Amino acid sequence: MATVEKLIAPVSRAQGEASRNKVTIVGVGQVGMACAVSILLRELPDEMALVDVLEDKLKGEMMDLLHGSLFLKTPKIVANKDYSITANSRVVVVTAGARQQEGESRLNLVQRNVNIFKFIIPQIVKFSPNCTIIVVSNPVDILTYVTWKISGFPKNRVIGSGCNLDSARFRYLMAEKLGLHPSSCHGWVLGEHGDSSVPVWSGVNVAGVGLQQLNPDIGTAQDKENWKDVHKMVVESAYEVIKLKGYTNWAIGLSVAELTESIVKNLKRIHPVSTMVKGLYGIQNEVFLSLPCVLSAEGLTAVINQTLKEEEVAQLRKSAETLWAIQKELKDL
Amino acid sequence: MANLKEKLIGQLETSQDKSSHNKITVVGVGAVGMACAISVLMKDLADELALVDVMEDKLKGEMMDLQHGSLFLHTAKIVSGKDYCVSAGSKLVVVTAGARQQEGESRLNLVQRNVNIFKHIIPDIVKYSPDCILLIVSNPVDILTYVAWKLSGLPMHRVIGSGCNLDSARFRYLMGERLGIHSSSCHGWVIGEHGDSSVPVWSGMNVAGVNLKELHPEIGTDKDKENWKKVHRDVVDSAYEVIKLKGYTSWAIGMSVADMAETLMKNLRRVHPVSTMVKNFYGITNEVFLSLPSVLDNHGISNVVKMTLKSDEEAKLQQSATTLWDIQKDLKF
C-alpha cells in the first residue's frame, strides 16, 4: 500500500468540482507576471492558468509560483502554450504582444499586436466561451476594439484596462500634493489611455469637496499652483518609468488585480475602464474609450453618465476620431 | 493667501509624526529584491518601504512603479536612494544585493564577489538602523549571513539568513502534490545548508501529526520503492531548474521572505527554518550559520527548536559546517 493510501482515507469517491474562479493570464512577460502575482496575493482565484509562446520561460515562471504555494491560497496553478489549459476561466487577462520601446508611442504598436490577437483571441473564446476578457496590451483602446470584433462577445464581456491606471497615478500624485492617502483623493482620468487622456477637473474632490470650487483655475494655464502638471505627469509616467527601468509592471499589475477583484467578487464597483462608446457624447464610430463603468460578475454592466464640460467632450470626440482613423485601416478583422 | 490645500484641509495637529513605526528596507532591486518588495507590500507589513541599490535609474524606476500602485496598497511611504540614509530607522533590512548564480553555477562560487559587496553595504545599513534585524537573502546565504554578522557587529540573534525557509516550502509543496493535500497541511523540515547539502529530516515528516516514517519506514532511503528521496533531490535541483528555464528565481523566494518578515514584524513567535549561528549545536565547533527551526519574534531569533536528529543527519550537518568553515576561514574582510 502506498504511503498516501496508508495516510489518507477517502471519504467521498466523487471527483472534486471544477474551479469556479479561474483566472487566466495570457503573456508571462513583466506585465503578465505582475498581474499574476498581484491576483494571487489578493487570493482571488481558485485556479490560475498561464499561457505564452516561450515554453521555457512559461514553465520557469509557473514553477517559481508553485514553489510559493505554501504562502498562497490558490491550490492549482497550470501553464501551457496550448490554450486548452485555460478552459472554463471566469476572467482572462490579455497582456501578450509587443511593448513600447523607449520614446515609442502606444499607437505605433498596433498592427504588430493585431496580428498576435488574431491568433490568441479565438483560442481564448473556444475554451472559455463565457469568460470576461480584460485587455491590457497597448494600445489598449484599439486592442480592446480588436478583441471585441474577433471574439464576437457582447460588449459587457470585453473590457480594456484603459484609464484605471492613469486615474490611480493621478490620485497618487494628487495625494502627494495634499498629504493624504490616494484612496481618499478622488479624480477621474477618462478617454484614451495615452497622450490624449482627459482629466475631469470638475469631479476632482476630497470628501465631496470639489477642488475646482476652492480653486476655479484648477487645470487651466492660469493656475498658479499648476495642477495641470499633475495630469501631464500622468501622461508622461509610463515613458519616464520605461526610460528608468526599461518597462512598467507593478502599478499596472496591481490595477488589473483590482479590476479582477470587482468581477470575481461581483462587487459592482466603478472603475474608469475602456468600453464601447458609440452613441455617447455624440461619438458615432465603434471605438473604445475609458468611462466610469460598473464592474460585476457579468462584466461591465453599466456606464455612469459623467457630466462633462464642452471642451472635455470635444477631447473625447477627438480621441474617438484618432482611434477610428487607425482602426478603419486594420486588415482582416 | 491660502493655497488650495489650505482651503481644503483644516489642520488640527501641526506636529507631524515623522518617523515610521514599521519600516522595512530592501537592499537590491533586482528580480529577487522586487519580489520581496511586492510581497511585503501586498501583505501590508510595513508603514514605510525603502529601496536601495547602486543602479540609480533602475532604482528610481522601480520606486515610481510601486508608488503608482499606492492607491491599491496600504504602505503610505515608499522611498528609494543609493545613499543608505533613506533606510534610516528600519525595523527590518532585507539584503538581496550581490551577484546571482548563472546557469549551472553553484551558490558557493559567488562567495568572494559578494563578500566584497557586503563590505560596503553592511556597515552603512547598521549606521542608519542600529536596532534593525538583518535578513540576508543573497547567496551563498549561510556564508553571507556569517559575513554580515561579522561586518555588522550586531548580536547574533539579529542577523538571520533566509536559509532553508524556501527549501522547506518547496519540499512541502512537492509533498503536497504527491499526497493531494495543500502544502500548509504537509509538514516537513529541510535544515542545514541552503544548497546542495541540505538535510531533509525524514523522521519529522507528518500530516495531522501522523508520522510518515512510521507508515512507511523506508522513506528517504535508497530502498524506498516510492522514491520519496526524489522529493528532496527535486528541492535541491529546483533553483537550478527554474534558472535554466526563466533565467532566475524570484516569486517563491520573495513570498518566503514576506512570510518571515510577517513573523518578525508582528512578533508572532512562529518557527521557521532559518540560518543561524550553530556553534555548539550537534557537535559543531566552528562559527558557521546553518538553518535550524528557529522561533522568530520582533527581536529576531529568540530560540532554536532542538530537533532530535539521527546520527547520519547529524553527520551531514557537521559536514556542511566543515565545508562552510573551509570557505569562510579564507575570506578576507
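A short reminder: the numbers here are calculations on the coordinates, not readings from a lab. The model shown is predicted, which means the values in this text are computed figures rather than measured ones. Using ideal geometry, Cβ is built from the backbone for each residue, glycine included, and neighbour counts are taken over all protein chains shown.
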Discussion item. Please list, in order, the residues from segment A:212-226 whose amide nitrogen is less than 13 Å from a point placed 7 Å along the Cα→Cβ vector of residue B:14.
Written reply: none
Worksheet item: So in the protein assembly as shown, what percent of DSSP beta bridges are antiparallel if you round to the nearest 5?
Response: 50
Worksheet item: On average over all directions, what projected area in square nanometres does chain A have, based on the convex hull of its Cα atoms?
Response: 19.6
Worksheet entry | Distance-filtered residues of segment A:12-47 - backbone nitrogen under 16 Å, label point 7 angstrom along residue A:183 Cα→Cβ | A:42-43
Fill in: Estimated D of segment A:193-333 in µm² per second, where Rh is the Kirkwood radius over Cα pairs and Stokes-Einstein applies at 10 °C, 1.306 mPa s
92
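Taking each pair of different alpha-carbon atoms in segment B:68-121 once, compute 1/r for the pair, average those values, and report the inverse of that mean as the Kirkwood hydrodynamic radius in Å to one decimal.
With all distinct Cα pairs of segment B:68-121 included, I get 14.2 Å.
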Response to the item:
Sorting A:158, A:86, A:96 by the position of each Cα along the dipole of segment A:37-161 (Lys, Arg +1; Asp, Glu -1; all at Cβ), the one nearest the positive end of that ordering is A:158
Item to complete: Would you mind checking the tilt of helix A:228-245 against the longest principal axis of the Cα atoms of chain A, expressed as 0 to 90 degrees and rounded to 10?
Response: 40
Worksheet item: What per residue convex hull volume, in Å³, do the alpha-carbon atoms of the protein assembly as shown yield?
Response: 162
Worksheet entry | Calculated SAXS-style log₁₀ I(q)/I(0) at q = 0.16 Å⁻¹ - segment A:208-289, Debye, Cα scatterers | -1.08
Practice prompt. Determine the shielding of peptide B:236-249 by partner chains: average, over its residues, the number of Cβ atoms on other chains within 10 angstrom of each Cβ.
Written response: 4
Response to the item:
Taking segment B:228-270, the equivalent ellipsoid from its C-alpha gyration tensor has semi-axes in Å, biggest first, of 27, 15, 4
Fill in: Debye intensity ratio I(q)/I(0), log10, chain B, q values 0.09, 0.14, 0.15 Å⁻¹ (C-alpha model)
-0.48, -1.10, -1.25
Worksheet item: What percent of all Cα-Cα pairs in segment A:51-130 falls in each 5 Å bin, counting up from 0?
Response: 3, 13, 18, 20, 19, 14, 9, 4, 0
Worksheet item: Can you give the % of DSSP beta bridges in chain A that are antiparallel, to the nearest 5?
Response: 50
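Per residue and in Å³, how big is the convex hull formed by the alpha-carbon atoms of segment B:25-86?
Value for segment B:25-86: 65 Å³ per residue.
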Discussion item. Classify segment B:220-333 from the C-alpha gyration tensor, please: rounded if a/c falls under 1.5, else prolate or oblate depending on whether a/b exceeds b/c.
Written reply: rounded
Worksheet item: Based on the alpha carbon coordinates of segment A:116-226, what radius of gyration and maximum Cα-Cα distance (Dmax) apply, in Å?
Response: 18.1, 55
Fill in: Lysine pairs in segment A:1-98 with Cα atoms under 29 Å, if 8 or more residues apart or on separate chains
14
Discussion item. As I understand it, the value is the acute angle between the Cα axis of helix A:164-178 and the longest principal axis of the Cα atoms of chain A; what does it come to in degrees, rounded to 10?
Written reply: 60
Worksheet, complete the sentence: At q = 0.11, 0.13, 0.15 1/Å the base-10 log of I(q)/I(0) from the Debye formula over the alpha-carbon atoms of segment B:1-124 is -0.47, -0.61, -0.77
Item to complete: Mind running the shape call on segment A:276-329? Use the C-alpha gyration tensor, a ≥ b ≥ c as the square roots of the eigenvalues: rounded below 1.5 for a/c, prolate if a/b tops b/c, oblate otherwise.
Response: oblate
Fill in: Partners for residue B:244 among aspartates and glutamates (Cα-Cα distance below 15 Å; same-chain residues under 8 apart left out)
A:55, A:56, A:61, A:64, B:103, B:105, B:234
Worksheet, complete the sentence: Here, residue A:265 and residue A:98, labelled 7 Å along Cα→Cβ, have an inter-label distance in nm of 3.9
Worksheet item: For segment A:10-71, what is Rg from Cα atoms divided by 2.2 N^0.38 Å, rounded to two decimals?
Response: 1.28
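Taking a quarter of the surface of the convex hull around the Cα atoms of segment B:255-300, what do you get in nm²?
Values: hull surface 13.0 nm².
That works out to 3.2 nm², a quarter of the Cα hull's surface.
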Practice prompt. Taking chain A as the reference, fit the longest principal axis to its C-alpha atoms, fit the long axis of helix A:310-327 to the helix C-alpha atoms, and give the angle between the two in degrees, 0 to 90, nearest 10.
Written response: 50
Worksheet entry | DSSP-defined beta bridges in segment A:113-264 - what % are antiparallel, rounded to 5 | 70
Discussion item. Straight-line reach from residue B:329: which lysines fall under 21 Å, measuring Cα to Cα and dropping same-chain residues less than 8 apart?
Written reply: B:119, B:150, B:279, B:316
Worksheet item: When the helix-only estimate is applied to chain A (DSSP H runs of n ≥ 4, each -39,500 (n - 2.57), divided by the residue count), what is the mean residue ellipticity at 222 nm, nearest 500 deg cm²/dmol?
Response: -12500 deg cm²/dmol
Worksheet item: Using the Cα atoms of segment B:138-194 to build a convex hull, what is its mean projected area in square nanometres?
Response: 4.4
Practice prompt. Find, to one decimal place in angstroms, the Kirkwood hydrodynamic radius of segment B:294-333, where the mean of 1/r is taken over every pair of different Cα atoms and then inverted.
Written response: 12.5
Worksheet, complete the sentence: Rounded to the nearest 500, the 222 nm mean residue ellipticity computed for chain B from DSSP H runs (n ≥ 4, each -39500 (n - 2.57)) alone is -12500 deg cm²/dmol
Worksheet item: Between residue A:332 and residue A:302, what length comes free when the chain is fully extended (0.36 nm per residue of separation minus the Cα-Cα distance, one decimal in nm)?
Response: 7.8 nm
